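**Q** Okay, here's the structure, questions in a sec.
The values are calculated or read from the model by the stated rules, or taken from the named source; none is laboratory data. A quick note: this is a predicted structure, and the numbers were derived from the prediction, not measured. When we count neighbours, we look across all protein chains shown, and the Cβ atoms used for this are built from the backbone with ideal geometry, even at glycine. Note: areas computed on protein heavy atoms with side chains; ligands, DNA, RNA excluded. Shrake-Rupley method; radii C 1.70, N 1.55, O 1.52, S 1.80 Å.
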Amino acid sequence: MAETIIKIDLNQSPYENEQIHNRWHPDIPMASMVKPGDDFIIECHDWTGGQIHNNDSADDVRDVDLTQVHFLSGPVGIEGAEPGDLLVVDILDIGTFEESQWGFNGFFSKQNGGGFLTEHFPEAQKSIWDFNGMFTKSRHIPGVEFAGLVHPGLIGCLPSKEMLAEWNKREKELYDTEPDRIPQLAALPFADTAHMGKLTGTAKQQAAAEGARTVPPREHGGNCDIKDLSRGSTIYFPVYVKDGGLSVGDLHFSQGDGEITFCGAIEMAGWIHLRVNLIKGGMEKYAIKNPIFKPSPMAPKYDDYLIFEGISVDEQGKQHYLDVQVAYRQAVLNAIEYLKKFGYTGAQAYSLLGCAPVQGHISGVVDIPNACATLWLPTDIFDFDVKPNADGPSVKVEQGADLPLSKDK
Ligand code: ZN
């Protein structure tokens with residue numbers, strides 16, 4: 001069995017572990033060193049570092065401290081890695097901890113983070129998912145069970161000083177266009193809750209003040225939330241600093257395309273087994289700006305779908321110009337209204353679309369003025385026939401507990 005080079009304790013605060021960090025900065029010291037060709041195991045907290053609990057109240061989702069996220073394990077240094085190289089990462093396996101066979105999904109309150117449909121679901125809610133081997137189901141969403149497509153939501157290498165400065169500059173410029181907006185337009189550096197791994201003293205304070213938040217995906221990969229980046233995938237990362245500095249976290253048991261619920265997929269703590277190699281000078285050789293990857297030879301097989309269309313006309317009937325985000329939102333809303341006819345609440349349907357192996361596709365981006373996006377709902381995850389027929393939706397799911405709801409304070 002490969003060596004576990006980063007260990008965590010689920011009962012310990014991630015702030016007490018110097019192999020964990022929650023900002024991107026080139027000065028964060030390597031948590032561990034490996035060689036090209038090595039394979040090793042890294043343990044990871046869930047993205048909130050244990051702020052969300054396996055219970056029937058959404059108060060923890062309402063009160064989550066989003067300045068603390070994401071807790072990442074790393075950075076792992078790769079001997080010989082230099083700026084301009086490509087770091088080849090094979091995801092050999094991902095697993096759960098025996099004592100933590102569950103995950104969570106939720107949507108934040110509009111006042112604290114929001115989400116894709118925050119105007120429709122402004123209050124914090126959550127669903128808990130129990131793992132049974134490779135399958136999962138939720139006591140908060142009846143009538144469904146599916147296989148997990150397990151993946152890291154967040155993985156990437158440390159940025160260089162110049163790249164970090166560029167990130168901070170452009171995100172501040174966007175933020176400043178509407179500084180009072182709720183939810184905010186971008187998450188800016190915030191020193192108070194920064195955890196900079198092994199850094200201490202003045203060096204830590206300095207790095208904490210400018211360390212980039214982990215929320216958005218960027219040129220290095222980062223928080224891409226790509227469900228198909230699952231175990232068995234091979235990723236090619238640009239290297240920007242000496243030794244590379246690979247960090248990973250935000251493990252997901254399953255997620256629908258778009259991670260529409262934001263808190264998030266089915267979020268879990270767990271471990272990831274990786275192998276690393278280098279392609280010297282690979283960024284230039286292959287014109288790589290953002291990471292590229294090869295998907296796994298194995299994936300859950302759901303090949304029957306109900307596909308919902310959406311166009312870039314919003315809920316108020318306003319015409320937008322080729323806006324793919326508006327179009328995908330309409331496809332999602334159409335799917336939610338459809339599922340409500342089978343007895344689901346809107347919140348249950350929304351949560352399900354954030355968790356299940358739902359596909360999102362961009363169909364057309366040229367047919368002015370409407371973009372067209374589609375949401376692909378796998379039909380085999382339901383324990384009843386979810387397709388339309390002449391008699392109408394005769395099956396109603398047996399309603400147990402709805403999603404725990406938490407009013408804004
Ligand atoms: Zn996540």
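**Q** Once the Cβ-Cβ distance between TYR15 and GLU119 is put in as r, and R0 is 30 Å, what FRET efficiency do you end up with, to the nearest 0.05?
**A** After rounding to 0.05, the efficiency reads 0.30.
**Q** Separation of the range 318-370 and the range 165-222 by C-alpha centroid, Å?
**A** Here the two parts' Cα centres lie 30 Å apart.
**Q** Based on the alpha-carbon gyration tensor of the range 197-250, what equivalent-ellipsoid semi-axes (square roots of 5 times the eigenvalues) come out, in whole Å, largest first?
**A** 26, 13, 10
**Q** Where in the range 332-348 does the amide nitrogen come within less than 19 Å of the point 7 Å from the Cα of ASP304, taken along Cα to Cβ?
**A** The answer is 339, 342.
**Q** With the dipole of the range 270-409 worked out from charges on the C-beta (+1 for Lys and Arg, -1 for Asp and Glu) around the Cα centre, which of MET283, LEU333, VAL358 lies farthest toward the positive end?
**A** MET283
**Q** Taking 30 Å as R0, compute the FRET efficiency from the Cβ-Cβ separation of MET134 and GLU3 and round it to 0.05. Before the final figure, lay out the partial values.
**A** Working: r = 25 Å, r/R0 = 0.85.
The value I calculate is 0.75.
**Q** While we're on this one: Note down the Stokes-Einstein diffusion coefficient of the range 4-294 in µm²/s, whole number, using a Kirkwood radius over alpha carbon pairs, 20 °C, and 1.002 mPa s.
**A** 112
**Q** Calculate, in nm to one decimal, what LYS169 and ASN290 gain on full extension: separation in residues at 0.36 nm each, minus their alpha carbon distance.
**A** 41.7 nm
**Q** Return the whole-Å distance between the Cα centroid of the range 287-315 and the Cα centroid of the range 27-48.
**A** The range 287-315 and the range 27-48 have Cα centres separated by 28 Å.
**Q** As a test of understanding, state the convex hull volume per residue of the range 1-132 from its alpha carbons, in Å³.
**A** Taking only Cα atoms, the range 1-132 has a hull volume of 157 Å³ per residue.
**Q** So what is the 222 nm mean residue ellipticity for the chain from helices alone, if each DSSP H run of at least 4 adds -39500 (n - 2.57) and you divide by all residues, rounding to the nearest 500 deg cm²/dmol?
**A** -4500 deg cm²/dmol
**Q** Could you tell me the distance between the Cα centroids of the range 102-154 and the range 371-403, to the nearest Å?
**A** 17
**Q** Related question: Of all the accessible heavy-atom surface of the range 217-288, with the other protein chains kept in place and a 1.4 Å probe, what percent is carbon and sulfur? Present the calculation step by step, with values, prior to reporting the outcome.
**A** Numbers: 1120 of 2040 Å².
The C+S portion of the solvent-accessible surface of the range 217-288 is 55 percent.
**Q** For the range 11-71, what is the charge dipole size about the Cα centre, in debye to the nearest 20, if Lys and Arg each add +1 at the Cβ and Asp and Glu each add -1 at the Cβ?
**A** For this selection, approximately 240 debye.
**Q** Still on this model: Nearest 20 debye, what's the magnitude of the dipole of the range 305-406 about its Cα centre given +1 on Lys and Arg Cβ and -1 on Asp and Glu Cβ?
**A** Roughly 120 debye, rounded to the nearest 20.
**Q** Jot down the radius of gyration and Dmax of the range 72-145, Cα atoms only, both in angstrom.
**A** 18.8, 51
**Q** Would you calculate the separation in nanometres between label points at ILE362 and GLN316, each defined as 7 Å from the Cα along the Cα-to-beta-carbon direction?
**A** Rounded to a tenth, the inter-label distance reads 2.5 nm.
**Q** The range 305-406: percent of C-alpha pairs farther apart than 22 Å?
**A** Result for the distance tail: 35 percent.
**Q** Okay, moving on. Fully extended, how many nm does the chain gain between ASN277 and LYS198 (0.36 nm per residue separation, minus their Cα-Cα distance)?
**A** 25.9 nm
**Q** Here is a follow-up. If you look for lysine pairs in the range 237-354 that are eight or more places apart or on different chains, how many of them have Cα atoms under 29 Å apart?
**A** Lysine pair count for the range 237-354: 11.
**Q** Could you order TRP376, TRP47 by accessible surface area, starting with the largest, using a probe radius of 1.4 Å?
**A** Sorted by accessible area, descending: TRP376, TRP47.
**Q** In debye, nearest 20, what is the charge dipole magnitude of the range 4-294 about its Cα centre with +1 on Lys and Arg Cβ and -1 on Asp and Glu Cβ, if you could check? Let's see the in-between values first.
**A** Working: 25 positive and 42 negative charges, 126 e Å.
The calculation lands at about 600 debye.
**Q** If I fit a long axis through the Cα atoms of helix 324-340 and take the longest principal axis of the Cα atoms of the chain, what angle between them do I get, 0 to 90°, rounded to 10?
**A** It is inclined by approximately 50 degrees.
**Q** So, one more: Need the full-extension length gain, GLU82 to GLU162, defined as separation in residues times 0.36 nm minus the C-alpha distance. One decimal, nm.
**A** On the way: separation 80, 0.36 × 80 = 28.80 nm, distance 1.53 nm.
This chain segment gains 27.3 nm when fully extended.
**Q** Next question. Tell me which of GLY258, ALA165, VAL34 sits at the most positive position along the dipole axis of the chain, charges placed on C-beta atoms (Lys, Arg +1; Asp, Glu -1).
**A** ALA165
**Q** Provide the FRET efficiency to the nearest 0.05 for the ASP380-LYS341 pair, computing r from the beta carbons and using R0 = 22 Å.
**A** Step by step, r from the Cβ atoms, then E = 0.70.
**Q** Here's a follow-up. Considering Cα pairs under 8 angstrom that are at least six residues apart, work out the relative contact order of the chain and quote it in whole percent.
**A** 24
**Q** So, one more: Could you state the accessible area per residue of the chain in Å², with a 1.4 Å probe and every protein chain left in place? Could the numbers behind the result be given before it?
**A** Values: 17390 Å² over 409 residues.
Heavy-atom SASA per residue in the chain reads 43 Å².
**Q** Oh, and also: I'd like to know which of ALA187, ASN389, PRO152 lies farthest towards the positive end of the charge dipole of the chain, counting +1 on Cβ of Lys and Arg and -1 on Cβ of Asp and Glu.
**A** ALA187
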